[in-house]
Amino acid sequence: MVSTLVSPSTGSSCEERPLLLYLPGMDGTGDLFYRQAQALQQEFRIRPLSLNHSESGENWEALADWVGSQLEEGGTYLCGESFGACLALQVATRWPQQCRGLILVNPASSLRRGPWWMAGRFLLPFMPQGLYRQLSERGLEFLAELSQMEPEDREQLRQAVHSVDQEVAAHRLALLGSFAVDELPLESLPLPTLLVAGGRDRLLPSVNEVRRLAERLPQVQVEISPYSGHACLLERQMNLRRYLLKRDSLLAQPLFSSSGSR
């Protein structure tokens, strides 16, 4: 029987639960994981990271170094969404021995193969602020499947999107444009990995991308949420914990042992 990616552990104390770091998308706030964190706190100590602090750096290497400094010796799980999924791959391939597993949601590793990222990178810094805010507001329907969200979750997404300065957005687009996932040694990454894609992602070809990544990762579980958009972690029907507890999900060994170590 294949072991599950996580084991039910409602009786585990906080100290026994492994750390899960959430790496956010382009908003960088770390504020949009609350729906998933509420369920996953039964198995993990959840720590959402904000990429908007100066100590997180301005390039992939600095970002990866900063996240790497947050890893625990006993092993840490990384959950990366969109931009954060690319960062999670950078961190995991540099410090595989300090990671226990990956959860990658709608990874933005395909952006550089799209036709519009270059225009966005160069136009955003020079766009009038009023126009930028208008486009951000109109882009919410492109970014998310709003019908799958509660009103308060839509408002949280709106606030996160509007919090991103246009120069910061342009810089992160440039980073994604330079992210070369084909150069990462994914074939030798010894970590169980859950890949999640929204079937109605209108921002990126996430279904094709997770299948492409799955061909390279040795321990991988792919889950397609057919009615989900790009910002799917705020949707009412999205439940990462359900995927992690599936009988046929992957893990090299049980999440929790009697000693609390790997």
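State all residues of the stretch 197-228 that are in a loop (DSSP other than H, G, I, E, B) and among the charged types (D, E, K, R); if no residue qualifies, say none. Hits for the stretch 197-228 are Arg200, Asp201, Arg202, Glu215, Arg216. The C-beta contact set for the stretch 162-179 (first residue within 18 Å of Leu87 (Cβ to Cβ), second residue open to solvent by less than 20 Å² (accessible area, probe 1.4 Å) and among the basic types (Lys, Arg), distance under 6 angstrom, 6+ apart or interchain) is empty. Checked against the criteria, Ala214 counts as modelled with pLDDT of 95 or more and over 26 Å from Arg158 (Cβ atoms).
For the stretch 55-90, the candidate set comprises residues that are of a type in the set (Phe, Trp, Tyr) and buried (at least 24 other Cβ atoms within 10 Å of the Cβ); within that set, the residue that is farthest from the chain's Cα centre (by Cα) is Tyr77.
Looking only at residues of the stretch 162-188 that are of a type outside the set (Ser, Thr, Tyr) and in a loop (DSSP other than H, G, I, E, B), we find that the one that is most open to solvent (accessible area, probe 1.4 Å) is Asp165. Can you name the residue in the stretch 21-34 that is touching a helix residue (DSSP H, G or I) at 6+ places or on another chain (Cβ under 7 Å) and under 20 Å from His162 (Cβ atoms) and, of all such residues, is most open to solvent (accessible area, probe 1.4 Å)? Ranking the candidates gives Asp31 first. The combined condition, being under 15 Å from Leu32 (Cα atoms), modelled with pLDDT of 85 or more and out of contact with any His (no Cβ under 7 Å at 6 or more places or on another chain), is not fulfilled by Cys86.
The values are calculated or read from the model by the stated rules, or taken from the named source; none is laboratory data. Keep in mind that this is a model prediction, so the values were computed, not measured. Please note: Cβ atoms are built from the backbone with ideal geometry, for glycine as well, and neighbour counts cover all protein chains shown. Quick note on the areas: whole protein, heavy atoms, side chains included, nothing else; ligands and nucleic acids left out. Shrake-Rupley method; radii C 1.70, N 1.55, O 1.52, S 1.80 Å.
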